[in-house]
1. Let me spell it out: the conditions are (1) open to solvent by 10 Å² or more (accessible area, probe 1.4 Å); (2) under 21 Å from V306 (Cβ atoms); (3) of a type outside the set (D, E, K, R); (4) at pLDDT below 55, and Q43 meets all of them except one. Which number is the exception?
2. Considering only residues that are surrounded by fewer than 17 Cβ atoms within 10 Å (Cβ to Cβ) and of a type in the set (A, V, I, L, M, F, W, C), look in the stretch 66-96 and name the one that is nearest to the chain's Cα centre (by Cα).
3. In the stretch 175-200, how many residues are β-branched (V, I, T) and either within 16 Å of Y106 (Cβ to Cβ) or open to solvent by 30 Å² or more (accessible area, probe 1.4 Å) (or both)?
4. Take T158 and tell me if it is at pLDDT below 90 and either polar (S, T, N, Q) or open to solvent by 60 Å² or more (accessible area, probe 1.4 Å) (or both).
5. Out of all the residues in the stretch 64-90, which are part of a helix (DSSP H, G or I) and among the charged types (D, E, K, R)?
6. When you check G252 against the structure, is it modelled with pLDDT of 80 or more and either among the basic types (K, R) or surrounded by 11 or more Cβ atoms within 10 Å (Cβ to Cβ) (or both), yes or no?
7. What residue, among those in the stretch 257-285 that are at pLDDT below 85 and assigned to a loop (DSSP other than H, G, I, E, B), is nearest to T215 (Cα to Cα)?
8. I need a count of the residues in the stretch 47-63 that are assigned to a helix (DSSP H, G or I) and open to solvent by 10 Å² or more (accessible area, probe 1.4 Å).
Amino acid sequence: TIRPPSQSLSVERSRSRSTSRSTSPSRPRDPRLIHVLETRFMQNQPDLLRLARARLRLFRTVCLPSVRRQTAWGDFLWIIRTDPALDAAIRTELIEMLRASGSLVYATTKEDEEEQGEEREREQTKQTKRSDNDNDKNGVGITYLVGSNDNYISANATLSNVRPFDVRHMLSALTSHPPSVLAGKLSSLRELLDELTIAGTQNQPSHPPNVVLWTRLDADDGLHVRYLEHLQSQAVRYFLPDYYSSFDSRPGRILLRNDARAVPYRPPRWTYWCAGTNVDWFLDARRSRGAVYPVEHTNVCVTPGVTVALADDADPGTVPRLDHDVIVSYLRGKKEGEGEEEAEEA
């Protein structure tokens, strides 16, 4: 597994380990995946303290461990957005929760990992206030708490201050207004923005573009621990088929479903993914811990895990911003009318 010095990852990470390519000065740079996980917590609800505390418990019990245990941990950027006027005590508790779980910084070396483990032990015995020293810790920033009611993926979010699905716009907005970053290593965001800015000047038609993924996960929901890794693998499969060697070794070709023939394939400019099954939890008077029910979906996307992927050289403004309950119907209609993008169950 390759761990690059930023929140983007080389597509080599998703390739078969037995077929990794060697690098040479004459070989074009490999495209990269930039994966953003966006979570909403108490946006536009800063004064509802009882609701906030209930959601904190759900976040600690469901959302946080399911993200922290992702097999792709370290290979995505987690942006948690909350109301800028969120109650100070709630905000502090959320920050301490993230810090104690080791979620704010990804250890890039064994020494970093040992140091972070020691710090988590200290945090369990002593609650401390956030200081600017968060930005000086070893390792790469991976998780950020942001004071903002804007979102880059939710269809019902504020539109005036954002460019939906535009990762450079998001990074620029955060780095140009540091007070909005309530927790997280700001220098890592600057490094990623610099990396993407340089990459944008080096794009050539003959080279495959980077791929940007946006995944939605609300603070009271969770994901299968392999969900993000699967999405990244599928993004390589559809957007960068030359790098998906375990699927079809012939460059530029992909095996279509329900068709034994290999045919020329043109990668999409953007696509949606969503979960086809989920488990719901409900209060149940007959059971002290409630009850869970498996659910399958054929015509609707559930909110947890809704993902948009787009080629880095595509205009983010061309991607429709859809509510979860209309994604499938909208894209099926688009496919019938234009034969292009389609929603797929992850």
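The values are calculated or read from the model by the stated rules, or taken from the named source; none is laboratory data. Model, not experiment: these values are computed from the prediction. With ideal geometry, Cβ positions are generated from the backbone for all residues, glycine too; neighbour counts draw on all protein chains shown. Note: accessible area is taken over every heavy atom of the protein model, side chains too, but ligands, DNA and RNA are not part of it. Shrake-Rupley method; radii C 1.70, N 1.55, O 1.52, S 1.80 Å.
1. With (1) open to solvent by 10 Å² or more (accessible area, probe 1.4 Å); (2) under 21 Å from V306 (Cβ atoms); (3) of a type outside the set (D, E, K, R); (4) at pLDDT below 55 applied to Q43, the lone miss is (4).
2. Among them, the one singled out is A85.
3. 2
4. Values: at pLDDT below 90: yes; either polar (S, T, N, Q) or open to solvent by 60 Å² or more (accessible area, probe 1.4 Å) (or both): yes.
Here the answer is yes, as T158 does meet what is asked.
5. Within the stretch 64-90, the first condition is being part of a helix (DSSP H, G or I), and the residues that meet it are 64-68, 88-90.
Of everything in the stretch 64-90, just one residue is part of a helix (DSSP H, G or I) and among the charged types (D, E, K, R), namely R68.
6. No: the conditions fail for G252.
7. G276
8. 11
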